[in-house]
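Step one of this worksheet: look at the structure below.
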Amino acid sequence: MHNLITDIAGIGVGNADDRRLASGVTTIVFDRPVIASGLSLGGAPGSRDLLLLDPGRTVQTVDAFVLAGGSAFGLDAAGGVQSGLRADGRGLALGPARIPIVPGAILMDLLNGGDKDWGLHAPYRDLGYEAYRAARPGAFALGTVGAGTGATTVNLKGGLGSASSETAAGFRVGALVAVNAMGSVTVGDSPHFWASALEDAAEFGGLGLPRPVSRDALSLAIKGGTTTATTIGVIATDATLTKQQAYRLSIMAHDGFARAIHPAHLPFDGDTVLSAATGEKPSPDDLAFAEICLEAMRTMARAIARGVYEAETLPQRGALPSWKDRFAKGQSISQSDGNL
């Protein structure tokens, strides 16, 4: 196990990015069509085919998901993934036609200092195709890669994060997220993560929560000026679920946003979760499904913290520092209070 969403059989992840552009694309490709749903709770979302994922809509399965930078320009990335899937004979069969179903979500990274002067056509369709061709099972990089390349939080570099877990009944849950939060993933100016109470095996530093949490850390601290935020993610399980249950899974993963980001789901962000059930294992009973929902919350929160913890500072002038550049390089961090 890699502590990644690809610990679930039948899922491959591919990344494509451009450091000069300071943006990129992440694709999540399923070996076969899977039951899927999703939900946006942010006030300013950008997505493709999100309405199709509503439990009341007809289409039940998808072939892939796409997470992309580039704001609305990044919606082109799904077209590149569709091209790759179609070339490989994948897609919903309607007579002789095959239509790959590729919902996606985008984040706003246009103001992060990268070179966005791309001419007539934005590069995201090509990046989407490249990410599709790179999709593999097993290990993949986290941090400043793929859709997390240009991501930021209010005070630190954001990035691509992932985590996995297993329930008592043996169902596996995995999360993948591009953390471009309006608020903070760490507790005030300390190195401690809001998600620390949910951490596994020091996967993002093992610092725990500061004792006590200062009142200043609980005050509002968000990106100002033009909106440059949105955290977008995928939650998946190997259980056999209905579309309604997959929708519930996305709701529970949003609880992970709330546990890891202070604050989440603002009027100015587009916080969105896409969900999938691969059906490799049987349908859970009510208690087992509740455990899957709990792990959806916990695993997403852990993935968010890992995305910031693993990020690298971009080379652009004035770029926000990464967590490791600010807190970890050659410095000793107190486990109790976060003092350096």
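On the basis of being in contact with an Asp or Glu (Cβ under 8 Å, 6 or more places away or on another chain) and within 23 Å of residue 104 (Cα to Cα), does residue 298 make the cut?
no
Restricting attention to segment 237-276, and to residues there that are in contact with a Pro (Cβ under 7 Å, 6 or more places away or on another chain) and farther than 21 Å from residue 46 by Cα, which single residue is surrounded by the fewest Cβ atoms within 10 Å (Cβ to Cβ)?
Within segment 237-276, the first condition is being in contact with a Pro (Cβ under 7 Å, 6 or more places away or on another chain), and the residues that meet it are 239-240, 243-244, 247, 270, 272, 274.
Keeping just the survivors that are farther than 21 Å from residue 46 by Cα gives 239-240, 243-244.
Numbers: 239: 27, 240: 16, 243: 20, 244: 12.
Looking at the filtered set, the residue picked out is 244.
Among the residues of segment 224-236 satisfying the criterion of being assigned to a loop (DSSP other than H, G, I, E, B) and touching a Phe, Trp or Tyr at 6+ places or on another chain (Cβ under 8 Å), which is surrounded by the fewest Cβ atoms within 10 Å (Cβ to Cβ)?
Filtering segment 224-236 for residues that are assigned to a loop (DSSP other than H, G, I, E, B) and touching a Phe, Trp or Tyr at 6+ places or on another chain (Cβ under 8 Å), the one surrounded by the fewest Cβ atoms within 10 Å (Cβ to Cβ) comes out as 227.
Which of (1) without any contact (Cβ under 8 Å) to a residue 60 or more places away in the chain; (2) under 23 Å from the mean Cα position of the chain (by Cα) does residue 67 not meet, given it meets every other one?
(1)
Tally the residues that are out of contact with any Phe, Trp or Tyr (no Cβ under 7 Å at 6 or more places or on another chain) and part of a strand (DSSP E or B), restricting the search to segment 8-35.
Of the residues in that region, 13 qualify.
On the given criteria, is residue 187 farther than 22 Å from residue 73 by Cα and at pLDDT 95 or above?
It is true that residue 187 is farther than 22 Å from residue 73 by Cα and at pLDDT 95 or above.
State all residues of segment 36-86 that are of a type outside the set (Asp, Glu), in contact with a strand residue (DSSP E or B) (Cβ under 8 Å, 6 or more places away or on another chain), farther than 15 Å from residue 277 by Cα and assigned to a loop (DSSP other than H, G, I, E, B); if no residue qualifies, say none.
41, 42, 45, 46, 50, 69, 70
Of everything in segment 1-59, what is acidic (Asp, Glu), farther than 21 Å from residue 91 by Cα and surrounded by fewer than 21 Cβ atoms within 10 Å (Cβ to Cβ)? Give them in sequence order.
18 - this is the single residue of segment 1-59 that is acidic (Asp, Glu), farther than 21 Å from residue 91 by Cα and surrounded by fewer than 21 Cβ atoms within 10 Å (Cβ to Cβ).
Here is a check on your reading of the model: is residue 315 in a loop (DSSP other than H, G, I, E, B), modelled with pLDDT under 95 and either surrounded by 18 or more Cβ atoms within 10 Å (Cβ to Cβ) or within 25 Å of the chain's Cα centre (by Cα) (or both)?
Judged against the criteria, residue 315 is a match.
Yes or no: segment 128-150 includes at least one residue that is of a type in the set (A, V, I, L, M), part of a strand (DSSP E or B) and crowded, with 24+ Cβ neighbours inside 10 Å.
No, the conditions are met nowhere in segment 128-150.
Identify, please: which residue in segment 95-127 is of a type in the set (A, V, I, L, M, F, W, C) and open to solvent by 60 Å² or more (accessible area, probe 1.4 Å) and is, among those, farthest from residue 22 (Cα to Cα)?
By that ranking, first place goes to 99.
Among 239, 288, 217, 253, which is the only one that is closer than 30 Å to residue 189 by Cβ, outside any strand (DSSP E or B) and in contact (Cβ under 8 Å) with a residue 60 or more places away in the chain?
Residue meeting the stated conditions: 253.
Among the residues of segment 28-63, count how many are among the basic types (Lys, Arg) and under 19 Å from the mean Cα position of the chain (by Cα). Show your work before the answer.
Restricting attention to segment 28-63, the residues satisfying the condition of being among the basic types (Lys, Arg) are 32, 48, 57.
Restricting the remaining residues to those that are under 19 Å from the mean Cα position of the chain (by Cα) gives 48.
Going through segment 28-63 one residue at a time, the tally reaches 1.
Only one of (1) assigned to a loop (DSSP other than H, G, I, E, B); (2) over 22 Å from the mean Cα position of the chain (by Cα) fails for residue 93. Which number is that?
All conditions pass for residue 93, except number (1).
Search segment 165-176 for residues being assigned to a strand (DSSP E or B) and either on the phi > 0 side of the Ramachandran plot or surrounded by 24 or more Cβ atoms within 10 Å (Cβ to Cβ) (or both), and hand back the single one that is farthest from the chain's Cα centre (by Cα).
173
Only one of (1) over 23 Å from residue 324 (Cβ atoms); (2) touching a strand residue (DSSP E or B) at 6+ places or on another chain (Cβ under 9 Å) fails for residue 229. Which number is that?
Here residue 229 meets the rest and fails (1).
The values are calculated or read from the model by the stated rules, or taken from the named source; none is laboratory data. All of these numbers come straight from a predicted model, not from anything done at the bench. Here the Cβ is made from the backbone with ideal geometry for all residues, glycine too, and neighbour counts use every protein chain on show. Keep in mind that these areas ignore ligands, DNA and RNA; they rest on the heavy atoms of the full protein, side chains included. Shrake-Rupley method; radii C 1.70, N 1.55, O 1.52, S 1.80 Å.
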